[in-house]
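Worksheet: the structure to be examined is printed underneath.
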Amino acid sequence: MHLDRRGVLFVLSSPSGAGKTTISKKMLASDPAIALSISATTRPMRPGETDGVDYHFVDVDTFKKMAADGEFLEWAHVFGHRYGTPRARVEELLAAGKDVLFDIDWQGAQQLYQEAGPDVVRVFILPPTMAELERRLRARKTDSDEVIAARMARAANEISHWDGYDYVLINDDVEGCFDEVKAILRAERLKRRRQIGLIGFARDLIRSVPEADPTL
Ligand code: 5GP
């Protein structure tokens, strides 16, 4: 049965290499009711990325103007570049009855929570070990030793914010971790305060019973 409900703002954070991108792609591919928030960033486009799909790639002045105009739900400096969540797309998706997936860092998760509190669900994905994280980063074959060392240091910093999340998962098996993420989303969708359609539904159930004689 379909009842109206408030959309979930589903934040997925992790250090790079912990599997967040794989899991968010699987979620988007398997569930048409959730759509990705596409961030704006000042970092240069990487090979294989598409403007407007992976990010909106903008220059620093454009970003600053967007921030000054209040166009971001949240924004932060990450690794020397600016990243922000455009407010308009999130509002459009929620108005269309969708849940929204955010691939943002701990600063974004914190700000979004301050902005939208109970609608936000924050999930953090940990690697099973730091050695495994390094192995996954090396397997990409895109980064030099120096870049990998820098990513490992950033990963340790990102992980230190694990306790700012509602759920913390250990990704030692991507399918298992994906199942856990799906279970979280499913349960969060069912929370009573999101099921706004329940108010009318329960009222109609009650009203459908004729009033009985109270003396019987
Ligand atoms: P990358 O440059 O590797 O795509 O992303 C670097 C980091 O920036 C990742 O941890 C990603 O989650 C984070 N990030 C991406 N978009 C946003 C955003 O809009 N806001 C915030 N706060 N972080 C973001």
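Specify the residue with the greatest mean-square fluctuation among ASP54, ASP166, ASP204, computed from a Gaussian network of the chain linking alpha-carbon atoms under 10 Å apart. Of ASP54, ASP166, ASP204, the Gaussian network model singles out ASP204 as fluctuating most. Considering only ARG122, ARG203, ARG87, give the residue with the highest GNM mean-square fluctuation for the chain, with springs between Cα atoms whenever their separation is below 10 Å. The residue that fluctuates most here is ARG203. Annotation: per residue accessible area for the stretch 55-113 equals 50 Å², rounded to a whole number [probe 1.4 Å, protein chains only]. Phi angles across the stretch 38-54 convert, under the Karplus curve 6.51 cos²θ - 1.76 cosθ + 1.60 with θ = phi - 60°, into 3J(HN,Hα) values of 9, 6, 9, 8, 9, 6, x, 5, 8, x, x, 8, 10, 5, x, 10, 7 Hz, Gly and Pro given as x. Its Cα centre serving as origin, the chain has a Cβ charge dipole (Lys and Arg +1, Asp and Glu -1) of approximately 160 debye. For the stretch 9-195, how big is the tail of P(r) above 22 Å, as a whole percent of Cα pairs? Summing the P(r) of the stretch 9-195 above 22 Å gives 47 percent of all pairs. How far, in degrees from 0 to 90, does helix 106-116 lean away from the longest principal axis of the Cα atoms of the chain, to the nearest 10? Tilt relative to the chain: about 30 degrees. Under a GNM of the chain (C-alpha, springs under 10 Å), which listed residue has the highest mean-square fluctuation: SER16, SER30, SER144? Maximum fluctuation in the GNM of the chain, among the listed residues, is at SER144. Expressed as a whole number of Å, what is the distance separating the alpha-carbon centroids of the stretch 101-131 and the stretch 150-216? The two parts, judged by their Cα centres, are 15 Å apart.
Summarising the strand pairing of the chain, around 30 percent of its internal DSSP beta bridges are antiparallel. The residues neighbouring TRP106, those whose beta-carbon lies less than 14 Å from its own, together hold a net charge of -3 under the Lys/Arg +1, Asp/Glu -1 convention. Cβ-Cβ distance of ILE170 and THR215, R₀ of 45 Å, FRET efficiency by 1/(1 + (r/R0)^6): the value works out to about 0.15. Taking every alpha-carbon pair under 8 Å whose residues sit at least 6 apart, the chain reaches a relative contact order of 32 percent. Between the helical axis of 20-30 and the dominant principal axis of the chain, each derived from Cα atoms, what acute angle in degrees is found, rounded to the nearest 10? It is inclined by approximately 40 degrees. Rounded to the nearest 500, the helix-only mean residue ellipticity at 222 nm of the chain stands at -13000 deg cm²/dmol, with each DSSP H run of n ≥ 4 adding -39,500 (n - 2.57). Residues whose amide H falls under 5 Å from that of PHE72, counting only those 5 or more places apart or on a different chain, are ARG87, with hydrogens built in the peptide plane.
The angle between the Cα long axis of helix 145-159 and the longest principal axis of the Cα atoms of the chain comes to about 30 degrees, rounded to the nearest 10. A simple spin-label model places pseudo-atoms 7 Å from Cα toward Cβ; at ASP59 and ILE199 they are separated by 4.9 nm.
May I ask you to give the percent of accessible area on the chain that is carbon plus sulfur, with a probe radius of 1.4 Å?
55 percent
The values are calculated or read from the model by the stated rules, or taken from the named source; none is laboratory data. Here the structure is a predicted model, which means the values were calculated and not measured. Positions of Cβ are generated from backbone atoms using ideal geometry, with glycine treated the same way; all protein chains shown enter the neighbour counts. These accessible areas exclude ligands, DNA and RNA; they are computed on the full protein's heavy atoms, side chains included. Shrake-Rupley method; radii C 1.70, N 1.55, O 1.52, S 1.80 Å.
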